[in-house]
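In what follows, a structure is listed as structure tokens, so that the remarks can point back to it.
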Amino acid sequence: MLRASHTAIIGDGPAALATLAVLRHRGVTDEITVYGDSPHPLARLERYARSVRQDTMRSEGDGHLSPAGFPDLALVDTLRRRSPLPALASLFNLYTPPLDLLLEHAAQVAERYSFARCHVHARVGRVARPAGDPRWFELFDEQGAPLGRARNVVLALGHPGLRWPAAAGSWRFHPRVSHAYQRPTFAAGERIAVVGGGMGAAHVWLAALAAGASVVALHRSSLKRQQLNAPRRMFSAVGLDEYRRLDPEARLSRLRAGSGSYALRPGWEWRLWQARRDGRFITRQATVERIEEAGRHERHGRPLRLHLAGGDTLAVDRVVFATGFRTDVREHPLVRRLVEEERVPCVGGVLQVNDDFTVPPLSRPGSVLAAVGVLARWALPVADTFFGMKYAARRIPIDC
Amino acid sequence: MYFTFAGRLQTRLLSLIGPAAYLGALALAARDGSYMWMFALMALLGLALDAGVYGWLLGYQPRWLTLLLGGLEFALLLGALQALALPGQTVDGWRALGAYVPAWALAWLTMHVALPWAAPRWAEDGGELRPTGAGALAWRGPGEQERRRAFALSLGTLCVLALPWLVAEGLRGERVFTGLLLLEPLHAAAIARVTDAGGGLSLGAALGALARAAGWDPLGLYYLVWPTAAFALLLAAQAAMGGGRGLLAAALGAVAALLLPATWLLAAAALVWGALLYRWSDSERAGRTAERLSVLGAPAWRARLAWPVLALALVLWGAAWARVPDPACYLDEGRWRAAAWLRRFAPEGAVAVRAEEPAALLEALGGHPVVAADEPGKAVALRLETGQGCATLAARFWYDDVCLLEQ
């Protein structure tokens, strides 16, 4: 007997949890099924955060997974620690929730909305409407075996994987080359090249400096400090209304223009300033074109040599690519099939969902295919944040 | 939080529910209408600052700034309470602070607790309560700049159209503070008639009955409701621009119009708003402001209707101006202050003042009963003097070259 659901959520990360919580909060009492690998929605996020030694979130107190905006995490933290400091810090936008608190909070949300009970360990490989019946979607696994059917389907798939620049090539398997989210290690006296200028890169800089290494930060565009991972106005109707008035070309260029940034935190700036003063932290605006092992006569020096655009070379002990995640959603096999077989519009690797987060050709009144999280960036540039996940889930036209 | 322009106003209105309930309860318990005045001032200052200052100057508003703005608004409220000769107003200083702080705290809790908890989309929508459900799918309101221009236009239209109505009886001299506006005596008398026990079946009479039951000044309640309704009309006009809410705008506009003695003028104002704002309601072409401002672009019968309506409103507007015999009298501060002083210190049944000059002021005072303030048991008739004599005599009231002396 195939599982029949009111809504099927495909994905097992924070977007899936946020969608489940919001739909329940909206009043969906019928069966919701979450298809994915893990019943722990923040497991991957935790692994990545621990890899870069991140102990606080970038978001502020209200960036959490509860469907309601109150109480925020600053207040929860205030009550838990019996200290007014989190609430005071929140007053001045200086509060960033500890990772452990967020994980605990996510676990509570997951328990409250029975995430584990809704979870089905399966990877959906194909979604299609049965011939002649516009009220349902059928879901199949990657081998084509039917998994179930649902009136509504929400794609809550995360990023397709880690992004490696072309220069990394097969070097990504070298023991001295790693991605920031693969828990790189550092030793005192080493010289580390960190490629990237975003939040992951900033955490790696600080972790390497704390270990006694020196850092060369290589960034493609100018380093940008920004409290949140997008301008504040993009987290409100003020910016979003403007964005939604853009024509498709302008939208795409706006999405592509968003470069990495790291949070402006006084403690970080102080540590980076000290390291810079001591000659242990250097920033260079350059791209890596090629990596090679140092020659035999250089073996007593640094074992890797980076060839930078413009002809410069850089000798280092390790290379860390803090280049974030891949963004071409067609790298998800399920999405690629939707694009190729169902003609779901996709431009530049971005799924062209409607502003109500439905996927155009497959949605019907009363039975929609929708996207949240990374897949919904066309409708909402900050869709891959906790704010964006809840924003999208609140607006999907699903009957309660 | 990043407020949209409309979101700021809607949030202010919502956050005033708590203070209204609290100050209303306080006014009932103390049988003192001063707290209603205080609420009126609090609401009007807040809305005026939102519409006139914050909405234009502030982008992102952090929580600490909200606290700072609360302090600023209290300072302005206190200043307004002292500067305006409000009828029956007794709250000032520490009493005002004692009433304001809980009221403001309720407004703050509405914004930071009640709304985020009860309406999670509120913050995401920039403080607006946008339609949900099926209506949300089609909802695409006007852009932020369009909203601001529309609001400025609405407010400007309100001011321009209401002004001649206000000054029409300017020669009478006495003005009554009504929150947004200063009313002339004839209009105040008309409102008093509407709100008294013999007002018949009208909204004004209902308000009067409510006020009498609560032990408040009927005029005070009326003055509170009118500007609130006027702002509601403005906001509804905005909402109508988003489409699908024309009925609400019309309903709220009718309420405001029914509350006014000069209903025809406000009705004309409402029609002008509708005509001017019409183009916003269905314009899909972004960036063409001139086209939106023009009613010429409206299609078919609505365009044909818009011009006569606008012309009629302008004729009415001109006619209202024509009723003002001497607009300069509206600026005679001395007369107004004399009248306000008399109102404040003249209990019912006192001996009427009689004097000879100047005729205009006497007419304004209209046989108003007057006694000396420090001797309530003893009726004292007062005499009006003008000119240099005032400086040398012990006057009960003195302003520029006008003074009142004991006879």
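Descriptive notes on the structure:
- Condition met for B:Tyr35 (among the hydroxyl-bearing types (Ser, Thr, Tyr) and either within 14 Å of another protein chain (Cβ to nearest Cβ) or more than 18 Å from the chain's Cα centre (by Cα) (or both)): no
- Count - residues of region B:1-19 that are under 15 Å from B:Trp104 (Cα atoms), of a type in the set (A, V, I, L, M, F, W, C) and part of a helix (DSSP H, G or I): 3
- Candidates B:Gly46, B:Gly79, filtered to the one that is away from chain A (no Cβ under 14 Å), surrounded by fewer than 13 Cβ atoms within 10 Å (Cβ to Cβ) and of a type outside the set (D, E, K, R): B:Gly79
- Checking A:Ala208 against (1) open to solvent by 40 Å² or more (accessible area, probe 1.4 Å); (2) more than 14 Å from chain B (Cβ to nearest Cβ); (3) more than 21 Å from the chain's Cα centre (by Cα), the condition it does not meet: (1)
- You will find that of A:Arg337, A:Arg343, A:Arg364, the residue that is farther than 15 Å from A:Ala156 by Cβ, touching a helix residue (DSSP H, G or I) at 6+ places or on another chain (Cβ under 9 Å) and open to solvent by 30 Å² or more (accessible area, probe 1.4 Å) is A:Arg343 and no other.
Yes or no, residue by residue, for (1) at pLDDT 90 or above; (2) aromatic (Phe, Trp, Tyr); (3) surrounded by fewer than 24 Cβ atoms within 10 Å (Cβ to Cβ):
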| residue | (1), (2), (3) |
| --- | --- |
| A:Ile10 | yes, no, no |
| A:Tyr35 | yes, yes, no |
| A:Arg47 | yes, no, yes |
| A:Ser59 | no, no, yes |
| A:Gly63 | no, no, yes |
| A:Ser66 | yes, no, no |
| A:Pro86 | yes, no, no |
| A:Phe92 | no, yes, yes |
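- Pairs meeting the criteria (first residue in region B:95-116 and within 14 Å of chain A (Cβ to nearest Cβ), second residue open to solvent by 50 Å² or more (accessible area, probe 1.4 Å), beta carbons under 6 Å, at least 6 apart or on different chains) are B:Val113/A:Phe70; B:Pro116/A:Phe70.
- Residues satisfying the stated conditions in region A:104-124, i.e. crowded, with 18+ Cβ neighbours inside 10 Å, in contact with a helix residue (DSSP H, G or I) (Cβ under 8 Å, 6 or more places away or on another chain) and over 30 Å from B:Leu65 (Cβ atoms): A:Ala106, A:Val109, A:Ala110, A:Tyr113, A:Phe115, A:Cys118, A:Val124
- You will find that of A:Ala201, A:Ala213, A:Ala263, the residue that is more than 14 Å from chain B (Cβ to nearest Cβ), surrounded by 13 or more Cβ atoms within 10 Å (Cβ to Cβ) and farther than 26 Å from A:Gly61 by Cβ is A:Ala213 and no other.
- Scanning region A:318-375 for residues that are small (Gly, Ala, Ser) and under 18 Å from A:Ala8 (Cα atoms) turns up A:Ser363, A:Gly366, A:Ser367, A:Ala370, A:Ala371, A:Gly373.
- Given (1) open to solvent by 70 Å² or more (accessible area, probe 1.4 Å); (2) within 14 Å of another protein chain (Cβ to nearest Cβ), index of the condition A:Val238 fails: (1)
- Of the residues A:Thr327, A:Thr283, the single one that is modelled with pLDDT of 85 or more, assigned to a strand (DSSP E or B), under 30 Å from A:Glu60 (Cα atoms) and open to solvent by 20 Å² or more (accessible area, probe 1.4 Å) is A:Thr283.
- Members of region A:354-369 that are within 12 Å of chain B (Cβ to nearest Cβ) and hydrophobic (A, V, I, L, M, F, W, C): A:Phe357, A:Val368
- Region A:266-280 - residue that is open to solvent by 80 Å² or more (accessible area, probe 1.4 Å) and of a type outside the set (Phe, Trp, Tyr) and, of those, farthest from B:Thr4 (Cα to Cα): A:Asp278
- Members of region A:245-256 found to be in contact (Cβ under 8 Å) with a residue 12 or more places away in the chain and either of a type in the set (D, E, K, R) or not in a helix (DSSP H, G or I) (or both), listed by number: A:Arg251, A:Arg254, A:Arg256
- Test result for A:Arg232, open to solvent by 20 Å² or more (accessible area, probe 1.4 Å), in contact with a strand residue (DSSP E or B) (Cβ under 6 Å, 6 or more places away or on another chain) and not hydrophobic (A, V, I, L, M, F, W, C): yes
- Test result for B:Tyr22, among the aromatic types (Phe, Trp, Tyr), assigned to a helix (DSSP H, G or I) and either within 14 Å of chain A (Cβ to nearest Cβ) or surrounded by 22 or more Cβ atoms within 10 Å (Cβ to Cβ) (or both): no
- Answer from A:Ala383, A:Ala370 - the residue that is open to solvent by less than 10 Å² (accessible area, probe 1.4 Å) and assigned to a strand (DSSP E or B): A:Ala370
The values are calculated or read from the model by the stated rules, or taken from the named source; none is laboratory data. All figures in this text were calculated on a predicted structure; none of them were measured in a lab. No Cβ is skipped: glycine too gets one built from the backbone with ideal geometry, and neighbour counts run over all protein chains shown. We work out accessible area using only protein heavy atoms, side chains counted, and drop any ligands, DNA or RNA first. Shrake-Rupley method; radii C 1.70, N 1.55, O 1.52, S 1.80 Å.
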